[in-house]
Structure formats: C-alpha cells, structure tokens
Amino acid sequence: HVPSDDVAPTVSIALEGASQTCVSGSTRQLDARATDNVAVSSLTVRVDGSALSLAPITPGPVVSATTPVSVAAPLGHTLTFTATAGDDAGHVQTASATCLVVADAAPGVSLNVPAAGATITEERSEPVTASVTDDVSAVLK
C-alpha cells in the first residue's frame, strides 16, 4: 500500500547562531531542512532570489542541506534566504530567514607584557605578549 500524498512538505531554513545580523565579508552557515509524509523530491535554497549550488539530494521523508554563504552585500541591506521543498505530488512549501548586513567591528588589541609603567632596559631583550579579539576572526602578523 502506497501512502496517499495529500500533504505539502514542511520546510525550515536557519542561519548558524542566533544573530539577525550578518557581518559584511564574513561567511555564515545556512541550514535547510524539509520533511514530507511520503518523500521530499526537491530542495532549493536562494539568497535574494539567486539559487545557491547545493549537493544533490536523495529523495526521502527527511532531506537537509548545509552550505556556507558569503556575505557580499551593501551595508544596511537585508539579505533574504529562502528554502523551497517539493514532493512528487506537486506540493511545494517555502520558508525564509533574513539578516541585516552590518560592518565588521574593528578587532581589539591589548598589550599584556611588559606591564604598564614597566622599565625596559636599552639593548636588553624583553618578552612581549599581546592579545587580539575579533567578532569574525583574527589573524596575527
């Protein structure tokens, strides 16, 4: 007995983390998931209407895709991510998520050694350590 497919797939889409902002120039992980009472036969993901390239899906009751998304949009622009799932009966369902593109905050740098007010002797080697923090990533040079 083949189950009747009279129900559209359920679909969800989410960006990693809880933030509703995307830092310009960063990469965010995008997760799309669809379920159906019989089988999801297609899953497409779009950013502002442009399709993203996903690995081929294997049709089944549960289908998911995860892909990195580069944030390349003007500051203040709201990116719209959509996931559309379909089944062989022609039912289609879409879900969306958004994020506001914001500027990357400057990294923080602190000098740890020598301590403030320390005396440094000329022509003598002194250890120096520093810390760098950033909301996206930090590269020391």
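Taking the criterion of being at pLDDT below 75 and either surrounded by fewer than 13 Cβ atoms within 10 Å (Cβ to Cβ) or touching a helix residue (DSSP H, G or I) at 6+ places or on another chain (Cβ under 7 Å) (or both), the residues of region 90-115 that qualify are Leu111, Asn112, Val113, Ala115.
Only a single item in (1) more than 25 Å from Asp134 (Cβ to Cβ); (2) modelled with pLDDT under 95; (3) open to solvent by 60 Å² or more (accessible area, probe 1.4 Å); (4) assigned to a strand (DSSP E or B) is not met by Thr66, and it is number (1). Just for region 3-36: of the residues that are among the aliphatic types (A, V, I, L, M), part of a loop (DSSP other than H, G, I, E, B) and over 14 Å from Gly60 (Cα atoms), which one is least open to solvent (accessible area, probe 1.4 Å)? Per the stated criteria, the residue is Val7.
On inspection, Glu126 qualifies as assigned to a loop (DSSP other than H, G, I, E, B), in contact with a Pro (Cβ under 9 Å, 6 or more places away or on another chain) and over 19 Å from Arg46 (Cα atoms). Look at Thr82 and say whether it is under 23 Å from the mean Cα position of the chain (by Cα), open to solvent by 50 Å² or more (accessible area, probe 1.4 Å) and among the hydroxyl-bearing types (Ser, Thr, Tyr). No.
Looking at the structure I just gave you, is Ser110 under 26 Å from the mean Cα position of the chain (by Cα) and in a strand (DSSP E or B)? Don't jump to the end; show me each part of the working.
Details: under 26 Å from the mean Cα position of the chain (by Cα): no; in a strand (DSSP E or B): yes.
Spelling it out, it is not the case that Ser110 is under 26 Å from the mean Cα position of the chain (by Cα) and in a strand (DSSP E or B).
Inspection of region 125-133 finds a residue satisfying the criterion of being touching a strand residue (DSSP E or B) at 6+ places or on another chain (Cβ under 9 Å), open to solvent by 80 Å² or more (accessible area, probe 1.4 Å) and farther than 28 Å from Ser19 by Cα. A Cβ distance below 8 Å, combined with a sequence gap of six or more or placement on separate chains, defines the contacts here; from region 74-92, residues that are aliphatic (A, V, I, L, M) reach residues that are open to solvent by 30 Å² or more (accessible area, probe 1.4 Å) and outside any strand (DSSP E or B) in the pairs Leu75/Ser24; Leu75/Ala103; Leu79/Asp48; Ala89/Asp5; Ala89/Asp6; Val92/Ala8.
The residues on offer are Ser125, Ser137, Ser131, and the sole one that is in contact with a Ser or Thr (Cβ under 6 Å, 6 or more places away or on another chain), of a type outside the set (A, V, I, L, M, F, W, C), at pLDDT below 90 and farther than 30 Å from Thr10 by Cβ is Ser131. For first residues located in region 111-131 and touching a residue at least 12 places away in the same chain (Cβ under 8 Å), partners that are open to solvent by 100 Å² or more (accessible area, probe 1.4 Å) and not in a loop (DSSP other than H, G, I, E, B) and lie 6+ apart or on another chain with Cβ distances below 7 Å form the pairs Ala130/Val109; Ala130/Leu111.
With Ala72, Ala39 as the choices, which residue is over 15 Å from Ala97 (Cβ atoms) and surrounded by fewer than 16 Cβ atoms within 10 Å (Cβ to Cβ)?
On the way: Ala39 fails: surrounded by fewer than 16 Cβ atoms within 10 Å (Cβ to Cβ).
Of Ala72, Ala39, the one residue that is over 15 Å from Ala97 (Cβ atoms) and surrounded by fewer than 16 Cβ atoms within 10 Å (Cβ to Cβ) is Ala72.
The values are calculated or read from the model by the stated rules, or taken from the named source; none is laboratory data. Please read all numbers here as calculations on a predicted model, not as lab measurements. Every residue, glycine among them, receives a Cβ derived from its backbone with ideal geometry; neighbour counts consider all protein chains shown. We work out accessible area using only protein heavy atoms, side chains counted, and drop any ligands, DNA or RNA first. Shrake-Rupley method; radii C 1.70, N 1.55, O 1.52, S 1.80 Å.
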